[in-house]
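Nothing in this text is a laboratory measurement; each read-out follows from the coordinates by a stated rule. The model shown is predicted, which means the values in this text are computed figures rather than measured ones. Cβ coordinates were reconstructed from backbone atoms using ideal geometry, including for glycine residues, and neighbour counts include every protein chain displayed.
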Amino acid sequence: DTGVSQNPRHKITKRGQNVTFRCDPISEHNRLYWYRQTLGQGPEFLTYFQNEAQLEKSRLLSDRFSAERPKGSFSTLEIQRTEQGDSAMYLCASSLAGAGGYFGPGTRLTVT
Amino acid sequence: AQRVTQPEKLLSVFKGAPVELKCNYSYSGSPELFWYVQYSRQRLQLLLRHISRESIKGFTADLNKGETSFHLKKPFAQEEDSAMYYCALSGGGSEKLVFGKGMKLTVNP
């Protein structure tokens, strides 16, 4: 296990298209988090899963965003009808207990 | 509301000098505080958390509830400490981390 992995690492899409990102957490970690980071800012929380249950969502997560963790292992984050303001680094993290987990390398989204 | 403030964006020191990266927070309850570090072209990684009271890579941080601060300190900076540093907070039963905007530390030879 080499840590949290995310795919793809980079995604360029046209405005209005849908995109989906995947996160594979560290195998024994039951907690999974999604964050978004824009230039010059720290990561901003989007959502959190414990096993397959989505327990917390940020107001940042508009109706165009949806996240799933169907079997309590990997997670996907989908953005529908992308907008230029969605351009950011999307980070995934996992932990065994509580906040302060291990981060993945991120998926950089560019919306043109 | 939970908020983390890192008042300085940039800090440049010479090797061997002491460093202090400031972090102030706003939270009414009992927070859990963290420092994360991101080296060039690497992922964000946990440096230390206040509940463990560890010293990692020579860095320490003490939670000062009176001043609502969690400053990161190292007595003798090394070139390999050059990185982005983020202070973060969680609390109130929420598992989300609230991050500051980060600070870039450059240690010159």
Q: Could you tell me the distance between the Cα centroids of the range A:31-95 and the range B:5-77, to the nearest Å?
A: 26 Å
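So if I place +1 on the C-beta of Lys and Arg and -1 on the C-beta of Asp and Glu, and nothing else carries charge, what would the dipole magnitude of the protein assembly as shown be about its Cα centre? I want it in debye, nearest 20.
On the way: 29 positive and 21 negative charges, 109 e Å.
Its charge dipole is roughly 520 debye.
Order by neighbour count: A:Asp63, A:Asp86, fewest other Cβ atoms within 10 Å first, most last.
Lowest count first: A:Asp63, A:Asp86.
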Q) Once amide H atoms are placed 1.01 Å from N in the peptide plane, what residues at a sequence separation of 5 or more from A:Arg108, or on another chain, have their amide H within under 5 Å of its amide H? A) A:His10, A:Lys11, A:Tyr90
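For chain B, what is the percent of antiparallel DSSP beta bridges, rounded to the nearest 5?
Numbers: 27 of 32 bridges.
Close to 85 percent.
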(Q) Within a 10 angstrom radius of the beta carbon, how do B:Glu20, B:Glu8, A:Glu28 rank from fewest other beta carbons to most? (A) A:Glu28, B:Glu8, B:Glu20
**Q.** Given A:Lys14/B:Lys9; B:Lys65/B:Lys96; B:Lys15/B:Lys104; A:Lys57/B:Lys22; B:Lys15/B:Lys73; B:Lys22/B:Lys101, the pairs whose alpha carbons are separated by over 22 Å
**A.** A:Lys14/B:Lys9; A:Lys57/B:Lys22
Q. Which FRET efficiency, nearest 0.05, do A:Ala97 and B:Thr106 yield, Cβ-Cβ r, R0 41 Å?
A. 0.75
Q | For A:Thr82, net neighbour charge (Lys/Arg +1, Asp/Glu -1) across residues whose Cβ lies under 11 Å away | A | +2
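Per residue and in cubic angstrom, what volume does the convex hull of the Cα atoms of the range B:1-100 have?
Cα convex hull per residue, to the nearest whole number: 100 Å³.
What FRET efficiency do you get for A:Thr2 and B:Ile51 if R0 is 25 Å and r is their Cβ-Cβ distance, rounded to the nearest 0.05?
Details: r = 27 Å, r/R0 = 1.09.
That pair, A:Thr2 with B:Ile51, gives E of 0.40.
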**Q.** Proximal charge balance of B:Gln42 [Cβ under 15 Å; K/R count +1, D/E count -1]
**A.** +4
Q: Provide Rg and Dmax in Å for the protein assembly as shown, with only Cα atoms included in the calculation.
A: 17.6, 52
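Mind putting a number on the dipole of chain A about its Cα centre? Charges go on the C-beta only, +1 for Lys and Arg and -1 for Asp and Glu, and I need it in Debye to the nearest 20. Numbers along the way, then the final one.
Details: 14 positive and 11 negative charges, 78 e Å.
That gives a dipole near 380 debye.
For every other residue with a beta carbon closer than 11 angstrom to the beta carbon of A:Ala93, add +1 if it is Lys or Arg and -1 if Asp or Glu, then tell me the sum. Before the final figure, lay out each step's value.
Values: positive: A:Arg31, B:Arg43, B:Lys96; negative: B:Glu95.
Net charge in that neighbourhood comes out at +2.
Work out how much length A:Thr110 to A:Gln80 would gain on full extension: take 0.36 nm times their residue separation and subtract the Cα-Cα distance, in nm to one decimal. Don't skip to the answer; put the middle values down first.
Numbers: separation 30, 0.36 × 30 = 10.80 nm, distance 1.39 nm.
My answer for the length gained is 9.4 nm.
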Q.
Test of understanding: ordering A:Arg64, B:Arg49 by Cβ neighbours within 10 Å, fewest first, what list do you get?
A. A:Arg64, B:Arg49
